Amino acid sequence: MDIFRIEGPVRLSGTVSVNGSKNAALPIMAAAILAPGKSVLRGAPRLSDISVFGQLLVDIGCKVTTAANGDITIDSTSIGKPVGEYDIVRKMRAGICILGPLLARCGKAQVSMPGGCAIGYRPVDIHIRGLRELGVQIDLENGYIVADATKGLRGREIFLGGPFGSTVLGTANVMMAATLAKGTTVIESAACEPEVTDLANCLNKMGAKITGIGSPRLIIEGVKQLKPFEYDVIPDRIEAGTFMAAAAITKGCLHIQNCRLGDLMAVVDKLRNIGVTVEAENSGCIVACSGHVRPTDITTQPYPGFPTDLQAQFMALLALAEGNSIIIEKIFPDRFMHVAELARMAADLRKEGAAVIVSGVKKLVAAPVMASDLRASAALVIAALAAEGTTIINRVYHIDRGYEKIEERLNPVGAKITREGDGSV
Ligand code: EPU
């Protein structure tokens, strides 16, 4: 298992470029199932989650190849086994989003219930509810969702809201199934995340008829068939936000290329609010910070609110603010695995239910820490860049799921990160 040895404190300065979005790429890969033939996804990041999703597609009968330039070709001419096996889906929850496309394409599908997750209980009841509304018969057997749409999918008005707001992959699943349903589907309380918008744009390129894209009311007029796509995925807003936090905590200055500021307005607003400069620049922005950041309050919310996927990284940043901040997690109330690890680095944190009170300290101190999930590990990297001494981060494979070779991208701008180990997970 690889570890990171990170020396701090450092000041980041220079240019970094953001990769394609993992969370947009995954459901778009699933969309390839909808249209027999060869689809090509351009600009996807080279991440373990992307290759695991590729394995899932291969397992159901697709041929998946990745070219030297990173383009992923998915040949879905034949789907031999519309089954998302437990052994693959348990590694990556996004596997659930093959369910809608498989039903639309094959009329039947079985997909394993995803199971436990480091960021808390993550049910899929809304996915199931939405698909049932489209006429799918669904039973749970042996830990699998066993779904039958052989009587045909029919368009309906569907409310997809849940106790924590909208659902990103639930919207993706129902929207993909509805593209080939008979009649018109209206999804109320649809997720508005840029990744859902990107999927909808790709589906329309395939011949789907979706309007209301980017709004909580998606209207999907069913069509008889779709054609394979060639599509460029959007830049990863969460990676961009992570680089922003890294620039701010190191009192550095980063030119972040390939970053759509419009996807990050809540984050940019928070940064400006705490004294960090963010200026648009060509296809990206310049983020600079010259002194201590001011404390603030952050509440995570569905888009366009502050993203839960940046909560941990901003907790690391606010750990060094001049005063007390409060962070409230409204999407995944148990997503606080990083709290205990950041506390090992001398952050002053008090958890109260789904909130954490962050009392700013003068300095963070290096320590051996454990990566627990993707974004929690990113927070540890950010803290380590600013901490005094050498931080050792164990279980780096978590960070590799969402950030492509982060050390090779941050070292040229001033980080001192060494990877050690044999690459095993
Ligand atoms: N929820 C339900 N029932 C459902 C589905 C969701 O109650 O059937 C709840 C969840 O438990 C949560 C809330 O609704 O409280 C929102 O969950 P959502 O379904 O939107 O999450 P997701 O689609 O499973 C995606 C991202 C996550 C990101 C969330 C929220 C992908 C592959 N994953 O998950 O990304 O945190 O949306 O924005 O797109 C990450 O990249 O680190 C990551 C975890």
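Filtered by the rule that a residue be of a type outside the set (A, V, I, L, M), in a strand (DSSP E or B) and over 16 Å from residue 311 (Cα atoms), segment 271-297 gives 277, 279, 281, 284, 285.
Considering (1) more than 16 Å from the ligand (Cβ to nearest atom); (2) open to solvent by 20 Å² or more (accessible area, probe 1.4 Å); (3) outside the structural domain of residue 267 (by TED's automatic domain parsing), the lone condition that residue 214 does not fulfil carries the number (1). Of the residues 131, 140, the single one that is buried (at least 23 other Cβ atoms within 10 Å of the Cβ) and not in a loop (DSSP other than H, G, I, E, B) is 131. When the residues of segment 107-128 are narrowed to those that are closer than 22 Å to residue 151 by Cα and open to solvent by less than 50 Å² (accessible area, probe 1.4 Å), which ends up farthest from the ligand (Cβ to nearest atom)? For segment 107-128, the residue satisfying everything is 107. Open to solvent by 10 Å² or more (accessible area, probe 1.4 Å), modelled with pLDDT of 95 or more and either assigned to a loop (DSSP other than H, G, I, E, B) or within 23 Å of residue 110 (Cβ to Cβ) (or both): is that true of residue 197 in this structure? No, not satisfied. Looking across segment 341-394, just one residue is under 21 Å from the mean Cα position of the chain (by Cα), of a type in the set (Ser, Thr, Tyr) and open to solvent by less than 20 Å² (accessible area, probe 1.4 Å), and that is 377. Restricting attention to segment 228-262 and to residues that are open to solvent by less than 30 Å² (accessible area, probe 1.4 Å) and polar (S, T, N, Q), the residue that is farthest from the chain's Cα centre (by Cα) turns out to be 250. Need pairs with beta-carbon distance below 9 Å; first residue more than 19 Å from residue 47 (Cα to Cα) and of a type in the set (S, T, N, Q) and within segment 92-114, second open to solvent by 10 Å² or more (accessible area, probe 1.4 Å) and within 15 Å of the ligand (Cβ to nearest atom); sequence gap 6+ or separate chains. Short answer, once both residue conditions are applied: 112/88; 112/90. The condition of being in a helix (DSSP H, G or I), more than 16 Å from the ligand (Cβ to nearest atom) and in contact (Cβ under 8 Å) with a residue 40 or more places away in the chain holds for only one of 33, 79, that being 33.
Here is the figure for segment 309-332: residues that are of a type outside the set (Lys, Arg) and either in contact (Cβ under 8 Å) with a residue 60 or more places away in the chain or under 20 Å from residue 16 (Cβ atoms) (or both) total 13. Scan segment 149-194 for residues that are among the polar types (S, T, N, Q), more than 30 Å from residue 266 (Cβ to Cβ) and assigned to a loop (DSSP other than H, G, I, E, B) and jot them down. The one that is among the polar types (S, T, N, Q), more than 30 Å from residue 266 (Cβ to Cβ) and assigned to a loop (DSSP other than H, G, I, E, B): 150.
When each of 147, 104 is tested for being open to solvent by less than 70 Å² (accessible area, probe 1.4 Å), more than 15 Å from the ligand (Cβ to nearest atom), small (Gly, Ala, Ser) and touching a Leu at 6+ places or on another chain (Cβ under 8 Å), the lone residue that passes is 104. Against the test of being under 23 Å from the mean Cα position of the chain (by Cα), open to solvent by 10 Å² or more (accessible area, probe 1.4 Å) and among the aliphatic types (A, V, I, L, M), the options 315, 265 yield a single qualifying residue, 265. Of the residues making up segment 56-72, at least one is small (Gly, Ala, Ser), open to solvent by less than 10 Å² (accessible area, probe 1.4 Å) and either within 16 Å of the ligand (Cβ to nearest atom) or in contact with a strand residue (DSSP E or B) (Cβ under 9 Å, 6 or more places away or on another chain) (or both).
The values are calculated or read from the model by the stated rules, or taken from the named source; none is laboratory data. Here the structure is a predicted model, which is why all the values come from computation and not from measurement. When we count neighbours, we look across all protein chains shown, and the Cβ atoms used for this are built from the backbone with ideal geometry, even at glycine. Accessible surface areas use protein heavy atoms only, side chains included; no ligands, DNA or RNA. Shrake-Rupley method; radii C 1.70, N 1.55, O 1.52, S 1.80 Å.
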